[in-house]
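K.L.:
Got a structure here, written out as structure tokens. Questions coming.
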Amino acid sequence: MKIILLLIIIYLFLIKPNNNSRKAKMKPFEEVYLTHRGFFNNVDIPENSLPAFRKTARNHMGSELDVQLTSDHKLVVFHDDDLKRVCGVDKKLIDCTYEELQSYRLLSTEERIPLFEEVLKVLNPDTPLIVEIKTNRTAYDAVEEALKILSRYQIPFTMESFDPRIVRYLKINHPEIVRGQLAYNIFGNKESTLSFFLKLIGTYMLSNFYTKPDYVAYDVHSPYNLSFMICSRIFKTECVAWTVKNEDDLAYARKYYQQIIFDSFVPSDVSVCD
């Protein structure tokens, strides 16, 4: 019995996020929906494009986006590691210069991969922004460049990553920034090359003791997860739902999450202008 109790205590220690003292900073994020990679449809408005973020701004919603550095140190907004799915080019983004990226188009439209600062210029300054830092060899430099650019704007923002090392970097080097741990059921991802041990840590957020995130952003489509429920119900952690894609997802997310990131549909309780 003592061993079981000790294991429970260790488990709770591992998954406990930061305290709730920074919840006030996250209130603006609870008051609006957040568009996932902008308000896109991937037909005439591609994801992570300037038209997608203009539509977000026109509808006074928050935004979630992904940033990466080009080989010549330009911070751009783009999700995938490579350009194959979105641009039809078999290259890693971080191996390309910004000038080279401008020769490619997003999903057969005329839109190009935008600079992070170009996106900030079209967003409303009073609507919140979640910035995801992608895992690659320039991730820490991307954090620093993003913060340098954001310092020129008044927009409320947080930073998050799937990689605990990046969240830890924020904790140590920029403790004033609200930081989040992204997570999902990695065991369900057949393409993941992570070891069983790393999948266990990522799925059940066993690195929270190390990163002390101010919020957890968990996949709303992942099956029941004990660590998430403990964070949500016992530790009263701020929880962000990604990515809500229909009204059923939305109804579920409202039970357990304070912030909602959506795409692929329009929530029934909002009216949208084009």
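Every number here is computed from the coordinates shown, using simple stated rules; none is lab data. All of these numbers come straight from a predicted model, not from anything done at the bench. Reconstructed Cβ throughout: ideal geometry from the backbone, glycine too, with neighbour counts over all protein chains shown.
K.L.:
Read phi for every residue in the stretch 199-208 and hand back ³J(HN,Hα) as whole Hz from Karplus 6.51 cos²θ - 1.76 cosθ + 1.60, θ = phi - 60°, with x for Gly and Pro.
P.N.:
4, 4, 4, x, 5, 9, 6, 6, 9, 4
K.L.:
Nearest 20 debye, what's the magnitude of the dipole of the chain about its Cα centre given +1 on Lys and Arg Cβ and -1 on Asp and Glu Cβ?
P.N.:
In total the dipole reaches around 1180 debye.
K.L.:
Calculated from DSSP H runs of 4 or more alone, at -39500 (n - 2.57) each and per residue, what is the 222 nm mean residue ellipticity of the chain, nearest 500?
P.N.:
The helix contribution divided over the chain gives -9000 deg cm²/dmol.
K.L.:
Follow-up question, since we're still on this one. Among Val178, Gly202, Val244, flag the residue with its Cα farthest along the positive direction of the charge dipole of the stretch 159-274, charges on Cβ as +1 for Lys/Arg and -1 for Asp/Glu.
P.N.:
Gly202
K.L.:
Let a ≥ b ≥ c be the square roots of the eigenvalues of the Cα gyration tensor of the stretch 90-141; is it rounded (a/c under 1.5), or, if not, prolate (a/b larger than b/c) or oblate?
P.N.:
oblate
K.L.:
So, one more: Quick one: longest stretch of the chain between exposed loop GluC sites (Glu not before Pro), exposed meaning at most 14 other C-beta atoms within 10 Å and loop per DSSP?
P.N.:
In short, 192-274.
K.L.:
Let me ask you something else. Across every pair of different alpha-carbon atoms, what Kirkwood hydrodynamic radius in Å does the chain reach?
P.N.:
Taking the inverse mean of 1/r over all distinct Cα pairs, the chain comes out at 19.2 Å.
K.L.:
Here is a further query. Using DSSP loop states and a limit of at most 11 other Cβ atoms within 10 Å to flag trypsin sites (Lys or Arg not before Pro), what is the longest stretch of the chain containing no flagged site?
P.N.:
1-136
K.L.:
Counting only chymotrypsin sites (Phe, Trp or Tyr not before Pro) that sit in a DSSP loop (anything but H, G, I, E, B) with at most 14 other Cβ atoms within 10 Å, what is the longest stretch of the chain containing none of them?
P.N.:
Result for the longest clean stretch: 1-152.
K.L.:
Of Lys121/Lys236; Lys121/Lys212; Lys25/Lys255; Lys27/Lys171, which pairs sit farther than 26 Å apart, going by alpha carbon to alpha carbon?
P.N.:
Violating the 26 Å Cα-Cα cut-off are Lys121/Lys236; Lys121/Lys212.
K.L.:
Something else: If you take every residue apart from Cys239 with its C-beta less than 13 Å away from the C-beta of Cys239, what net charge results, scoring Lys and Arg +1 and Asp and Glu -1?
P.N.:
Net charge in that neighbourhood comes out at 0.
K.L.:
Using θ = phi - 60° and the Karplus curve 6.51 cos²θ - 1.76 cosθ + 1.60, what whole-Hz ³J(HN,Hα) does each residue of the stretch 93-107 get, with Gly and Pro shown as x?
P.N.:
4, 5, 8, 9, 7, 5, 4, 5, 4, 5, 8, 9, 10, 8, 6
K.L.:
A further question follows. Testing the spin-label approximation: label points 7 Å from Cα along Cα→Cβ at His174 and Glu118. State their distance in nm.
P.N.:
2.2
K.L.:
What do you get for the angle between helix 164-173 and the principal long axis of the chain? Use alpha-carbon atoms, 0 to 90 degrees, nearest ten.
P.N.:
90
K.L.:
Collect residues whose amide H, placed 1.01 Å from N in the peptide plane, falls under 5 Å from the amide H of Val244; neighbours closer than 5 in sequence don't count.
P.N.:
Ile261, Phe262, Asp263
K.L.:
Next question. Under 5 Å between amide hydrogens, which residues at least 5 positions from Ser63 or on another chain qualify, with H placed 1.01 Å from N in the peptide plane?
P.N.:
Residues meeting the criterion, in which the H sits 1.01 Å from N, are Thr35, Leu129, Ile130.
K.L.:
Work out from phi, with θ = phi - 60° and the Karplus expression 6.51 cos²θ - 1.76 cosθ + 1.60, the ³J(HN,Hα) of each residue of the stretch 124-140, listed in order in whole Hz, and give x for Gly and Pro.
P.N.:
5, x, 9, 9, x, 9, 10, 10, 8, 9, 7, 7, 6, 5, 10, 4, 5
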